[in-house]
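What follows is one structure encoded as structure tokens, with my remarks underneath.
The values are calculated or read from the model by the stated rules, or taken from the named source; none is laboratory data. In this text, all values refer to a predicted model and were calculated from it rather than measured experimentally. Positions of Cβ are generated from backbone atoms using ideal geometry, with glycine treated the same way; all protein chains shown enter the neighbour counts. With ligands, DNA and RNA removed, areas are computed over all heavy atoms of the protein, side chains included. Shrake-Rupley method; radii C 1.70, N 1.55, O 1.52, S 1.80 Å.
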Amino acid sequence: MRSLIWGAGAIGGTLGPYLARAGDDVTMVDTVVEHVDAITRGGLRVTGPIDEFTVRVPAFTPQTLSGTWDEIILATKAHHTDVAVRALLPHLTARGYLVSAQNGLNELAIAEVVGAERTVGAFINFGADYLEPGVIHYGGHGAVVVGEIDGRITPRVTAIRDAWHHFDPRAIVTPNIWGYLWGKEAYGAMLFATALTNESIAHALAMPAYRHLYIALAREILAVAAARIVRPEAFDGFDPAAYLTTAPAGAAERSLDALVAHNRRSAKSHSGIWRDLAVRKRPTEVDAQLGIVVTLGTEAVVPTPLTARLVALIHEVERGVRQQSLDTLDALAATPSHTVTP
């Protein structure tokens, strides 16, 4: 396949080299000039416990790119989606499509610009980090799913799945991509909560004192999904059915145990959210990932007080008003909510 990957960070910078190594025609785009220069000089290197290799791929900034593609894979941070889509639009052919290999519900915004018929959804849950210009750390396997946003199984999503098998042989096509994306929203809320601290994902999720908080966060997100007639899907230890109020006693705790086990198998100990706050000192995706849930909840008359408070606390950490600590997680746990009960 011939693909343009827009965003050469953790997701695009891992997926792209595997596709290129398998013989696909891959071109990378990134806004970080130093990253593009390093790729051009010495190739794009994937490192970590899973693999060690370097590929030579063409790399450009948006300003230096020319040409058009039938397939563009968008792998930017969620809050860069609108700017990125408008920048890449001249490079998308009239018959082409855009795959959202991102975290969040970005397919909603993408479809508004390129059209629903040219928007393909993807769910990505592997663990990776941008280490330095030209180097990506691939730390842990995770679910890889692709699907049409209208639920059809089409030749193009099947072809994408087949190509992505070069990256992960377990990649699948689904008729319910929104179910995976909303499931990741619920799990993602937990990850944002763990990023309020300096604890690893596994350690934070394992702490008994905060498990009721993680469960309540998931329930808020899943309530909004239900209002939108979405059936969330399970993945990598996260079982959305376990967090419903109708679930058997202890089901949510068992799902959290499975998430702890999944994360302990990964060399990526902390989330990308934590890394944005603690290492890269830059804004997170919180508005694009969780702020949109608060907005959709308001539209559906579904209260999301915990999610809204989590968004506010992440912004306080971004501004330096609060530190990443258990005290900040305690501030979230203190949010009045009828769902936050041990």
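Quick look at the values:
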{"item": "Using alpha carbons only: equivalent-ellipsoid semi-axes of region 1-155, gyration tensor based, whole Å", "result": "24, 18, 14"}
{"item": "DSSP bridge pairs, region 19-152: antiparallel proportion in percent, nearest 5", "result": "50"}
{"item": "Apportionment of accessible area to carbon and sulfur, region 1-51, percent (1.4 Å)", "result": "48"}
{"item": "Of the DSSP H helices in the chain, those whose Cα atoms cover at least 18 Å axially and whose Kyte score averages -1.0 or more", "result": "177-194, 211-227, 251-264, 305-319"}
{"item": "Contour excess over end-to-end distance, with Cα ends at HIS315 and ASP150 and 0.36 nm allotted per residue", "result": "56.0 nm"}
{"item": "Residues of the chain: accessible area per residue with a 1.4 Å probe, Å²", "result": "40"}
{"item": "Selection from THR81, SER66, VAL36 lying farthest towards where the dipole of region 26-82 points positive, charges on Cβ", "result": "VAL36"}
{"item": "Square roots of five times the Cα gyration tensor eigenvalues for region 189-243, Å", "result": "22, 11, 10"}
{"item": "Cβ-Cβ FRET estimate between ALA234 and VAL33, R0 fixed at 51 Å, reported to 0.05", "result": "0.80"}
{"item": "Amide hydrogen neighbours beyond the local backbone of TRP69, cut-off 5 Å, H modeled", "result": "LEU92, THR93"}
{"item": "Separation between Cα centres of region 308-335 and region 141-190, rounded to whole Å", "result": "32"}
{"item": "Over the chain: helical MRE at 222 nm, DSSP H runs n ≥ 4 each giving -39500 (n - 2.57), nearest 500", "result": "-12000 deg cm²/dmol"}
{"item": "Dipole magnitude of the chain about its Cα centre (Cβ charges: Lys, Arg +1; Asp, Glu -1), debye to nearest 20", "result": "180"}
{"item": "Cβ-derived FRET efficiency at R0 51 Å, ALA209 paired with ASP25, nearest 0.05", "result": "0.50"}
{"item": "Computed E for ARG265/GLU132 - FRET, C-beta separation, R0 35 angstrom, nearest 0.05", "result": "0.90"}
{"item": "Accessible-area value, ASP82, 1.4 Å probe, nucleic acids and ligands omitted, Å²", "result": "80"}
{"item": "Carbon/sulfur fraction of accessible area - region 58-140, other protein chains in place, 1.4 Å, %", "result": "54"}
{"item": "DSSP bridge pairs, the chain: antiparallel proportion in percent, nearest 5", "result": "35"}
{"item": "By accessible area with a 1.4 Å probe, ligands and nucleic acids excluded, highest first: order of LYS77, LYS268, LYS281", "result": "LYS281, LYS77, LYS268"}
